[in-house]
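Encoded as structure tokens, the structure appears first; notes follow it.
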Amino acid sequence: MGRRIAGWRTALSRPLPRNLLVLFLPWSLLIIVLSLLLYDRMLNDRLEPLLEAQTDSLNEGVAVLERHLSSLRGDLQFLSQQPLLNRAVRHASDDSYAALSELFAEFSNSRGNYQHIRWLDEHGMERVRIDNVSGKARQVELADLQNDSAAYYFVETMHLYKGESYLSRFDLERHYRPDGSVETLVPILRAAVPVFSERGERRGILILDYRAERMLERLRETSVAYGGSLQLLDHEGYWMLGESPEHAWGFLLGKPDLTLASHQPSSWRRLQNEQRGSFIDAAGFWAYSHFRPSDAASATSNAADHWLLLSHLPARNLSELRWDVVWRVLLFFSVLQGVGLLISVRRAIDEAERLRAEHGLHVSSRALAASNEQLQRTVEQLQRTRRALLQAEKLSSLGTMVAGVAHELNTPIGAASVAASTLERASQEFQVAMREGLKRTTLERFVQRTDDGLSIILISLERMSQLTRAFKQLATDRASTERRRFGLRELVDEVVLLLQPKLRQNDHRIAVEVAPDIVLDSYPGPLGQVVQNLVDNALVHAFDPGVKGLVIVRGQVDDERGQCVIEIIDDGRGMDEELLGKIFDPFFTTRRGQGGTGLGLHITHQLAVDVLGAELEVDSTPGEGSRFRIRFDLN
């Protein structure tokens, strides 16, 4: 163990592993934190629409129940107030019963969703009964009328006071085939009100057997529209509308285990805590609302008068969603860790090389004295310039500018390097001469060579400083897209300076006709990019091989309109009408297969119009050159 610790200490004492650890460890911690935040954000973004859909389906389901049950209560109230019913109560006769039967039949045919409409007298005997058979109302004959005095709905309704109503628990009416098997199960809700005489005596009940399949079907359609998760349960947790049809009606089919309380006991207990709400547990996401099917203002309280409407998103769906997000975050983590490792290795190598170079330079400086101090400052300036260029290379959108600056810096850097090497050799020769006997001519030659070398280095550094300042300003503007005040002539000169390497490859010239006092309040980065692209486009496309071309960059102020007008004019081959109509289209180029992408003028047009808010126009005639005109407000 001690040897292993000592080995780690030895490894970390070396520059490369130490620098690699210092650079990579903070990056790794940052990526871990970002990955955790990304996971939380992505999961919330994916979950929020699903949870909102569950809540929306619940609200829609409550609205469906309220509409249908409100209609049921309205129908019951309507029939209970009919004069024909009061007439039958006052005068029990065949004529009054027939008239009431005709009223009930017409009402049943108009509604179509009532299996039975009945009036039972105070002894529970059916006096008038209308059945719905195959969609048609049919009056039940006197001999077929029944006594339902022992029925639970009769007993409970007879105990109600005037103005109160009764709504039963769901029941199933079975329709049989000729062979005796069950063909269909029709869910029935019985709504009833007590009937009173003019003196307030109880004279039976009016009861409607409501066929609830239409209401449940509408709930089912709502559930399907929101992903198929809506459920309706009674006060004991039995499904009336479940996740699958076989779950429904367990309390009527002799299946006491078909309850949510049996399948998800912990979730069922939490569903009883509040009247309405939502939560996430091991079974998934639940949004629920307790619902009283009867009219709360007039109905009595009973256990069946309590439904639970809920929307359920299973845990497996949530788990699949979480795993999908986890894999995406892991991919993000792996890619960034790989990139971070590569960058850290490269930076660690550069740092190790820099440390070795500094160490060698420090050893050499002991023998160079005062002249080597200036050389040391020169080397440090070169290193700062090199790091600035390396940093600038990360901005891929500045490719042309980087190439131009690098080309321009080669000459002063080369001159400075040659001068430094010459000074180093002169120093070595001077040390040899001192050991062998210093002569006056040797000393004078050494001083002269030192002065000449330092002069060359200072001139080269000044040239590099000018190029660096110009490139830094343009690079900052291109990267930040910040609005500020700037001189138009200075901006154009910087662009032309960076295009000098391309001009040296041919005999073309660029003439700048911009007054030095034009000051703009705009976006120098995009404007410089537009001017550079248009000039570069003219240098590449406007002139035939061997022709010496002229490109004019002209800038002026239109005082009447309060605008700045910039023109890029060339005396090249020009363009016809067909070509003019396509030059701003993406991927259109006349140099397909020769390096042209067809995106230069398209991007230029987008920068001019979308960022600068300018008008970009072009005029051209074959054989007479082209004129691009940029017009935008001064402020």
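The values are calculated or read from the model by the stated rules, or taken from the named source; none is laboratory data. On a predicted model such as this, the values are computed, not experimentally measured, just so you know. Because the Cβ atoms are built from the backbone with ideal geometry, glycine has one as well, and the counts that use them run over all protein chains shown. For accessibility, only protein heavy atoms count, side chains too; no ligands or nucleic acids. Shrake-Rupley method; radii C 1.70, N 1.55, O 1.52, S 1.80 Å.
So here's what we get for this one:
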quantity	calculated
One residue from Leu47, Leu23 being over 30 Å from Ala99 (Cα atoms), modelled with pLDDT under 80 and either open to solvent by 50 Å² or more (accessible area, probe 1.4 Å) or not in a helix (DSSP H, G or I) (or both)	Leu23
Qualifying residue in segment 518-539 (condition: assigned to a strand (DSSP E or B), free of Cβ contacts under 8 Å to residues at least 60 places away in the same chain and open to solvent by less than 60 Å² (accessible area, probe 1.4 Å))	no
Residues located in segment 547-570, provided they are over 17 Å from Glu513 (Cα atoms) and among the aliphatic types (A, V, I, L, M)	Val547
Residue within segment 217-233 that is in contact with a helix residue (DSSP H, G or I) (Cβ under 7 Å, 6 or more places away or on another chain) and surrounded by fewer than 18 Cβ atoms within 10 Å (Cβ to Cβ) present	yes
Single residue of Ala261, Ala212 found to be among the small types (Gly, Ala, Ser) and within 25 Å of Arg129 (Cβ to Cβ)	Ala212
Segment 240-265, subset within 18 Å of Leu58 (Cα to Cα) and within 38 Å of the chain's Cα centre (by Cα), residue most open to solvent (accessible area, probe 1.4 Å)	Glu243
Hits in segment 123-147 - residues which are farther than 20 Å from Glu201 by Cβ and acidic (Asp, Glu)	Asp131, Glu141, Asp144
Some residue of segment 361-370 being at pLDDT 60 or above, surrounded by 16 or more Cβ atoms within 10 Å (Cβ to Cβ) and either of a type in the set (A, V, I, L, M, F, W, C) or part of a helix (DSSP H, G or I) (or both)	yes
Matching option when the condition is out of contact with any helix residue (DSSP H, G or I) (no Cβ under 9 Å at 6 or more places or on another chain), basic (Lys, Arg) and under 29 Å from Trp239 (Cβ atoms), among Arg199, Arg111, Arg177	Arg177
Segments classed as strands (runs of 3 or more DSSP E), wholly inside segment 105-185, with at least 1 members that are within 60 Å of the chain's Cα centre (by Cα) and surrounded by fewer than 17 Cβ atoms within 10 Å (Cβ to Cβ)	126-133, 136-139, 171-176
When residues of segment 498-515 are limited to those that are surrounded by 17 or more Cβ atoms within 10 Å (Cβ to Cβ) and at pLDDT 80 or above, the one nearest to Ile568 (Cα to Cα)	Ile510
